[in-house]
Amino acid sequence: MPLPQPLAEQLGHILTEKLNDRVQVRDALPVAGGSINDAYRLHTNAGEFFVKTNPSARFPSPFNSEKRGLDVLRQAGVLRVPEVLAQGEFDGTAFLLMEFIAQKEGDRIFQARFGHALAQLHRHTQERFGLDHDNYIGLLPQVNTLHGDWVEFLVQCRLEPLVRLARDNGRIHPGDPIRFERLYARLPALIPPALPALLHGDLWKHNCLMAVSGEPVLIDPAVYYGHREMDVAMTRLFGGFEPDFYEAYNSADPLDEGWEERVDLCNLYPLLVHLNLFGGSYAGRIGAILRKHV
């Protein structure tokens, strides 16, 4: 749908205040790629910008969460993230206004560069798993209550809330909630200990871009401090990452032996997210992982 003209004018006013020069939005071209938000590339007399929108009555908080997540990643100082110019609400529409980052298709050099940088990001740590605030993954609330133990955090803040939601909505196969209970008891023996690592949290192929400069850019985070294999595993969920990425990551900071065998366990969480958001075949994929391990 087109960007409403009153909102376009309001964004022009915001940019005028930010840039200390009169800015007029000349055109707003829809940008494809997302399944949750409407997105537009703004052409103005001061250059190009990017804005995401959603009805504020339905989705009042995710853009605030996204802004805070981008701030956390930026403060780490490892990977580039878009600069947020404004986040707010106008005439029933929530919006997130950011710099526009021109991009190009990634190559092997980019894959290696990103793998090395992600390993550096994961070296940022804190004492406990979680975050000092809750946020969102997609449109689902993501609880980040701090825990000293990774498996405890994984079960209580990631898996079990979404298993209950899927059960209550009839989206998970009968018997799988019991299989999850059995899996919880086995997880301490299946997952090696690790320090809490700063994670992007939703690291599929479209959430890492290659800028025209060649540098990796992270977008759409669901940040928290967790086991670093969660980020690495999600890069395997929907494809898009090449062997050069994993080789560079392991060269910078080798993963524990057997990490590839744990990919499906780590991906139970994003699969549960997709099951609760979209339904479909995700229940079958989750069931297959459970039957493999319990």
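What to note about this one:
- Dipole magnitude of the chain about its Cα centre (Cβ charges: Lys, Arg +1; Asp, Glu -1), debye to nearest 20: 600 debye
- Per DSSP, loop chymotrypsin sites (Phe, Trp or Tyr not before Pro) in the stretch 194-274 with at most 15 further Cβ within 10 Å: F238
- Between N169 and A57, the contour length at 0.36 nm per residue exceeds the Cα-Cα span by 38.1 nm.
- Rounded to the nearest 10 degrees, the inclination of helix 62-76 to the longest alpha-carbon principal axis of the chain is 80 degrees.
- DSSP bridge pairs, the chain: antiparallel proportion in percent, nearest 5: 95 percent
- Degrees, to the nearest 10: 5-19 long Cα axis against longest axis of the chain: 90 degrees
- Computed from backbone phi with θ = phi - 60° and the Karplus coefficients 6.51, -1.76 and 1.60, the 3J(HN,Hα) list for the stretch 233-238 is 5, 5, 5, 8, 6, 10 Hz; x is used for glycine and proline.
- Within the stretch 138-181, backbone nitrogen closer than 12 Å to the virtual label 7 Å beyond the Cα of E127 toward Cβ: 147-148
- Residues E9 and S281, FRET efficiency given R0 of 45 Å [Cβ-Cβ distance, rounded to 0.05]: 0.55
- In degrees, nearest ten, helix 268-278 long axis to first principal axis of the chain (Cα): 50 degrees
Taken together, the values in this text are just the output of simple stated rules run on the coordinates, not laboratory data. Since the structure is predicted, the reported quantities are computational estimates derived from the model, not experimental observations. Every residue, glycine among them, receives a Cβ derived from its backbone with ideal geometry; neighbour counts consider all protein chains shown.
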